[in-house]
Each structure stands twice: as C-alpha cells, then as structure tokens.
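Single-structure report; data block below.
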Amino acid sequence: MRARSLHVLGAAWLTAALLAGPVRAQEFTHQTHREEGVTDCTVCHEPGALTIVPDRKACLDCHEEDELATYTFGKLKTHGPFWATEHERDAEASNANCSSCHEQKFCLDCHKGDPKHQRPDMHVADYLEIHPIKAWGNEDACRKCHEVSFCTDCHKRFRGEDLKVLSHRRGWSDKPVGTGGRRHAEQFQADPDSCRQCHPGGILSSHQWTSDHQREARRSLTTCQSCHPRGKVCLRCHSATQGLKASPHPKNWNSNHERLARASDERTCEKCHEPKGRDPVCQRCH
Amino acid sequence: MRRRAGAWIGALVLVLAPGWAAGASLHGRASTVLQWWERAYDGRDITPLSQYLSFVASDLWQGQDLSIRGYGQLTKDLTGGDPWRGKVFYLYADWNDLWGGSLDLAAGRQFVQNAAGSAVMDGADVHLRVAGPVAVRLFGGGDVQYVNEYNSGDALGGFSVYLDGLDHTFAEVALFTKYDKYDLARLMAGASVSQDLWDWGRAYGDLQYDYLGDTVSETLLGLRLFPRAGWIFTGEYFESLPVFDSTSIYSVFATERYKEGRLKASYDVVPNVRLYAEVIRAWYGEGDRAFEGEVGTRMFDVYGARIDFSLNRRRGYGGELDGFRLVAGRDFWNDHLFIEGGAEYQVFQRQEDRDDDSTSAYWGYVEYRWTRTLATSVRLENLVDGGGENHLEGLLRVDWDF
C-alpha cells in the first residue's frame with residue numbers, strides 16, 4: 001500500500017515537474033547560511049572590500065558553479081557597489097535600518113577614530129577653506145559627526161571680525177554712542193540700563209548689524225553656541241532685566257513656553273527674568 | 001569618570017575570566033597610527049600617536065549567545081607635552097536570545113539610537129519581541145560626553161515599539177529623553193517607517209517631535225524607485241530645526257527652519273560603470289536659497305581598478321563652489337598591495353567675498369598586506385589653501401588582526 005502511494009506521488013511529482021518546465025531558481029536568503037552554521041559574515045563579505053557585494057570567488061570557495069546557477073540573488077537596495085560613498089542618506093533616512101544588520105562597531109570604525117581615509121569624501125580639497133559655505137545655515141549637518149569642541153577648538157581662537165561673520169564685522173560694540181561718545185561696549189559696562197535712553201522699547205536704530213545678526217542667529221544658532229556656550233553675550237541685549245530688554249523668543253512663545261519652563265524648573269527663565277512672582281513680564285499672564 | 005572606567009574594566013574581567021577558562025574566542029584589530037599635520041590656527045605641527053583596539057570575545061558561556069565587544073583609543077601628541085589620553089568608544093556585553101529567544105540585552109558603554117534620538121551611554125539596552133513581528137525596546141543610563149565628561153545627573157533613556165524581522169516593512173515609534181544635572185533637558189518623540197513597494201521601489205520617512213519646544217524638529221520623506229534594471233531614482237524632502245537642551249539659554253531663542261529637496265538619478269551602463277546626477281535645493285528662510293548639483297561616474301573593477309570622477313557646482317546663500325574630484329585605486333599582487341591616488345580642485349567664493357579663490361588636494365595611499373593578519377599603510381596628502389600655500393599631512397598605520 002505504502003509502495004503504491006509512493007509510486008503515485010512520484011508520478012505526480014514527475015508530471016508536475018515536466019509541465020512546469022525547467023527547475024525554477026531559488027532565491028538566496030541569509031537564513032539558509034545561518035541554519036547551516038555559517039554565522040561569520042566575513043566568510044562571504046570580505047573585510048575592507050570596496051563593495052558589500054561578495055565576490056563570486058567567495059561563493060565558489062564552498063559551492064559548485066552549477067549549484068550557484070540554481071539561485072537568484074535579491075536586488076540591491078541600499079548596498080550598491082559604491083555604498084561607501086552613498087550610504088549617508090540611507091543612514092539618515094531610517095534610524096534603525098543600519099543597526100538591524102550591523103553592529104555599532106561597523107559605523108564607529110570609520111566615523112570615530114579610525115583615520116584610514118582621514119576625512120570623509122564630502123570634505124573636498126582644503127575643507128577648512130570651504131566649510132563656511134557648507135555649514136552656513138545648516139550646522140546640524142556638522143553636528144551629526146563632530147562634537148561641539150571640534151568647532152570651538154579652532155573658532156575660539158579667532159577674533160569675531162576675522163571669522164567673516166557679517167554681524168561680527170560690523171559690531172555695534174565698537175561704535176561710539178552718539179557723536180564722539182564712549183564705545184557701546186564701554187557704555188554697557190558702565191551702565192547697562194542706559195541703553196534704553198537711546199533705544200526705547202528695545203528698538204535699535206537702522207544699523208545693518210541688527211538685521212544681520214538676527215538673521216545669522218536664527219539660521220545658525222548652533223554656531224553662536226559654539227563660541228558662546230552660555231550665551232552671556234546674547235543676554236547683554238536680550239535679557240529682561242538689563243540692557244535693551246529685546247525679546248529673542250519666537251512668535252508663538254506665549255503659547256508654548258510652559259513645558260520648557262517646567263523642564264528646567266524655571267532656572268533657564270531666571271537667567272533673563274526675575275523669578276516668576278516678581279518679573280513684570282511674567283506677571284502679565286501668571 | 002576614571003572610577004567609572006575602572007568599574008567597567010573590572011566588570012569585564014569578571015565576565016571574561018570564566019569564559020576564557022572554558023575556551024572562549026577572542027578576535028579583533030589592534031591599530032597603531034601615527035599622523036602628522038599642520039594646525040590651522042597657529043601653524044604648529046601636530047603628530048599624534050594613537051593606539052586603537054577593537055575586539056569581540058564570544059563563546060563565553062556554552063549554549064548562550066553572549067559576547068563582549070569593545071573599542072577604545074589611547075593617544076598622545078608627540079610634539080606637545082600632553083599626557084596620554086584615553087577614550088572608550090564602546091565596551092559592552094551583548095547577550096542575545098534570552099528568555100526563549102525573545103529577549104536581547106546589551107549592558108555597558110554603547111551607542112544607542114531610536115527614531116527619537118541617539119547618544120552614547122553607560123547603561124543597559126533591552127529588546128523584547130512581544131508577539132509576532134512586534135518588539136519593544138527600552139534603554140537607559142548615564143549620558144556620555146567625551147569632551148565635557150559627565151555628571152552624576154546627566155542621564156538619558158529611550159523607549160520604542162517597532163516591527164522586527166519583516167522583509168519589506170519597518171516601522172517604529174519612539175520616545176527619547178535626556179537629563180542635565182537632574183533637569184529634564186530633552187523629551188523627543190519620533191517615528192520611522194520604510195516600506196518596499198513590491199520590487200520597484202521603496203518609500204520611507206522619519207519624523208521627530210520636540211515635546212518641550214512643542215514643534216516638529218525633523219522631517220524626512222523619501223521615495224526610491226528601481227523601475228528598470230540599472231536605474232535608481234531618489235527623491236527626498238528634508239526639514240530640520242535645531243533642538244537645544246531646556247537648560248541652555250539657546251532653547252528660548254527663535255530659530256529658522258532649514259529645508260532641502262533632493263533628486264538623484266543613477267544608471268549602471270554596464271554592471272561596473274555607474275553614471276549619476278544629483279540636484280539639491282536648500283531653503284534658509286526669508287527668500288534665501290541655494291542650489292547644488294553634481295554629475296559623475298563611478299567605475300568599479302575596470303581591469304581591477306576603481307575610478308571615481310565627479311563635477312560639482314553650488315550657487316546661492318552661503319557661497320559658490322565649482323570643482324571636480326578624481327579618485328583611482330587598484331589592487332596588485334593578489335590583493336597584497338593596494339594603491340590609491342586622488343585629486344580635488346574647488347573654486348569658491350564665500351558669501352561675504354567678491355573674489356574667487358581656489359583650493360586643491362592631492363593624495364596617495366598605499367596599503368601592503370604582509371600576511372592575512374598584518375598590514376601597513378601610508379597616506380600622504382598635500383593641501384593647497386586659498387592663499388596658494390601648501391600643507392603636507394600624512395598617516396602611517398599598522399593593523400594587526402587577531
């Protein structure tokens with residue numbers, strides 16, 4: 001009975017196979033390798049190779065050519081031949097994508113400490129000369145790889161006017177107060193509250209510096225922070241208790257500052273304002 | 001900081017010792033690197049000597065998928081009087097497939113990231129596969145900042161729910177939080193999705209929401225298409241707004257949103273030759289914009305050589321750039337010798353300047369593999385700055401794999 005069943009099954013399989021034509025190729029999966037105990041990725045993916053795609057020679061170390069012909073290999077998605085110079089966007093696009101296959105060592109070998117190529121491809125020519133063009137308005141791109149100190153180690157050694165930041169080249173602090181008076185910086189040191197005698201309501205006269213520094217700060221606030229980590233220079237004018245008392249807050253500040261205030265237990269607020277119970281600005285609503 | 005490092009090393013020895021007694025395996029790479037360059041702001045020659053060590057110790061416990069992974073650096077500038085300085089990039093125990101294969105645990109110094117944020121921490125990271133493809137992840141520990149060291153109140157944590165193991169779909173929703181001396185510095189929420197569109201494309205996107213600032217801080221929408229063999233089209237839209245710790249005065253300042261659109265097409269003329277073109281449009285607010293474009297070819301394994309050549313152009317806010325890049329490299333002697341050379345040239349005009357300047361770089365790189373486990377490499381590079389002055393810098397490196 002069992003033998004007859006096997007014959008029937010065999011005949012059915014043979015008929016189906018003949019009707020289906022040539023044997024269809026199987027799709028390659030990593031799972032098969034894992035199940036067979038091949039868990040070391042470097043068996044196929046050669047360390048230091050220019051491409052993540054294994055060399056066919058690596059396949060032939062273990063498999064016959066005829067056997068390989070029965071497999072199809074999936075279409076490459078993120079790991080094309082020039083992955084090394086193209087992976088940035090893939091890494092940015094999906095936070096968990098890289099880590100689903102790679103250990104963190106894989107990233108850190110190149111991005112922290114390993115200087116094989118000294119600098120990434122995006123840093124062309126003498127990048128010190130070019131970097132202001134790239135960094136202008138999008139310093140977050142720098143921060144993806146560099147710690148703050150990477151910028152400040154160099155920037156803090158330059159005079160502001162040498163950095164070629166427009167606002168720093170036309171600094172108000174060197175301009176005289178009125179005609180032939182003290183420099184603004186000296187006047188501020190002597191009497192911070194005297195600013196409002198000439199600039200009522202925190203309004204600056206039409207110095208180019210005013211709009212330049214505002215635009216630069218709004219686009220590049222992380223650059224300001226690089227050289228002025230505590231922001232004391234900002235508070236000369238933007239404090240609520242001295243100087244021009246010019247508000248630096250965004251337009252929707254009234255409706256969304258509560259969370260920030262609570263998070264720092266209002267200590268950040270008190271860098272510029274009197275404690276909530278006493279500050280007239282806060283008392284308007286609170 | 002030093003005490004914590006000692007604690008980690010002590011814990012490492014305690015975990016490793018019984019493993020080695022039972023025949024654990026140890027693999028990794030030790031690299032000795034000597035570099036030299038001229039420091040930009042004072043012209044001083046800098047020659048740091050660094051020793052790197054990365055390793056993985058596995059088979060520590062029979063029947064368990066437990067390994068210890070580490071990577072660190074010791075460095076000293078030979079031309080200065082500074083002492084040796086050390087950094088532990090990561091050093092953690094990686095224990096997978098616990099609790100019936102549903103739990104993974106990593107403990108120690110490690111890089112962590114989810115859809116809402118990322119950091120280097122001293123702590124623990126737990127993945128739990130709950131049901132089917134659904135998994136949850138929880139991590140937390142001390143916030144490591146290499147430069148400023150860290151304080152006892154600097155901590156971070158993250159939680160996420162994600163899909164694990166699906167071939168064509170990934171999705172994650174996550175929270176990420178940071179504390180600065182016990183004050184809540186950041187609370188971020190994030191989402192990340194990626195979906196294969198049958199065999200002709202992929203759509204993906206990321207979103208980060210800054211809860212304390214009540215604003216969406218980062219958005220990415222992308223579509224990648226593979227309509228025919230050899231063709232890849234990519235379109236992306238990206239927005240970002242800087243996020244500052246709530247404890248920083250900068251968190252209360254108004255900032256401008258950076259926006260960027262990008263289109264890229266590439267075509268593999270033959271399997272080893274790719275042509276590509278890319279355009280980027282950036283918006284900085286108040287009508288200021290920039291345009292960037294690049295066209296190039298990448299030839300891989302053309303008679304054993306790799307050749308990259310590209311032309312780039314930039315116009316608009318920030319400044320102008322025009323230039324090219326050429327890199328060629330080849331293996332010789334049955335892959336024992338690798339030689340690469342390159343040249344880059346850029347004409348630039350910064351935002352505030354009216355005159356063009358130019359800068360260039362030329363380099364050569366030679367790597368010789370003495371054995372399967374020992375290699376030496378040398379790289380020499382000459383940078384020509386905007387004033388036409390030459391600056392020679394280089395690197396000598398010995399790698400030993402074990």
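Could you tally the net charge around residue B:102, taking each other residue with its Cβ under 14 Å from the Cβ of residue B:102, Lys/Arg +1 and Asp/Glu -1?
So the environment of residue B:102 carries a net charge of -2.
Amide H of residue A:239 versus every other amide H placed in the peptide plane: which residues, excluding those fewer than 5 positions away on the same chain, fall under 5 Å?
It is A:245, A:246, by chain and number.
Which aspartates and glutamates have a Cα less than 17 Å from the Cα of residue A:276, not counting those fewer than 8 places away in the same chain?
Correct list for residue A:276: A:258, A:265, A:266.
Count charges around residue A:67 for me, please; just the other residues with Cβ under 14 Å from its Cβ, Lys/Arg as +1, Asp/Glu as -1.
Net of charged neighbours comes to -4.
Loop only per DSSP, at most 16 neighbouring Cβ atoms within 10 Å: give me the chymotrypsin sites (Phe, Trp or Tyr not before Pro) in region B:267-345, ordered by residue number. Present the calculation step by step, with values, prior to reporting the outcome.
Details: sites: B:267, B:276, B:283, B:284, B:291, B:300, B:303, B:309, B:317, B:324, B:332, B:333, B:338, B:345; in loops: B:303, B:317, B:333.
Taking region B:267-345 and a limit of 16 other Cβ atoms within 10 Å, the loop chymotrypsin sites (Phe, Trp or Tyr not before Pro) found are B:303, B:333.
Which net charge results when you count Lys and Arg as +1 and Asp and Glu as -1 among the other residues whose beta-carbon is under 9 Å from that of residue A:282? Please list the in-between numbers first.
On the way: positive: A:276, A:278, A:284; negative: A:274, A:279.
With Lys, Arg at +1 and Asp, Glu at -1, the neighbours total +1.
Could you give each residue of region B:25-30 its phi-based ³J(HN,Hα) in whole Hz, using Karplus coefficients 6.51, -1.76, 1.60 with θ = phi - 60°, and x for Gly or Pro?
In residue order, the calculated couplings are 9, 9, 9, x, 9, 10 Hz.
Compute the normalised compactness of chain B: alpha-carbon radius of gyration over 2.2 N^0.38 Å, N being the residue count.
1.15
Using a Förster distance of 22 angstrom, determine the FRET efficiency expected from the C-beta separation of residue B:138 and residue B:223, and round it to 0.05.
Given R0 = 22 Å and the Cβ-Cβ separation, E is 0.10.
For the peptides B:233-246, B:162-175, what is the packing order when you average, over each peptide's residues, the other Cβ atoms within 10 Å and list the highest mean first?
With the highest mean Cβ count within 10 Å placed first, the list reads B:233-246, B:162-175.
Quick one: 3J(HN,Hα) in Hz for region B:210-223, Karplus 6.51/-1.76/1.60 with θ = phi - 60°, rounded, Gly and Pro as x.
Per residue, the Karplus-derived 3J(HN,Hα) values read 8, 5, 5, x, 6, 8, 6, 9, 7, 9, 9, 10, x, 9 Hz.
How far is it, in nm, from the label point at residue B:269 to the one at residue B:49 when both lie 7 Å from their Cα along the line to the Cβ?
4.9
Among the listed pairs A:134/B:259; A:245/B:181; A:175/A:245; B:87/B:181, which are separated by more than 18 Å between their Cα atoms?
A:245/B:181; A:175/A:245; B:87/B:181
Since every read-out is calculated from the coordinates, none of them should be taken as a lab result. All of these numbers come straight from a predicted model, not from anything done at the bench. Glycine gets a Cβ as well: all are built from the backbone with ideal geometry, and neighbour counts include every protein chain shown.
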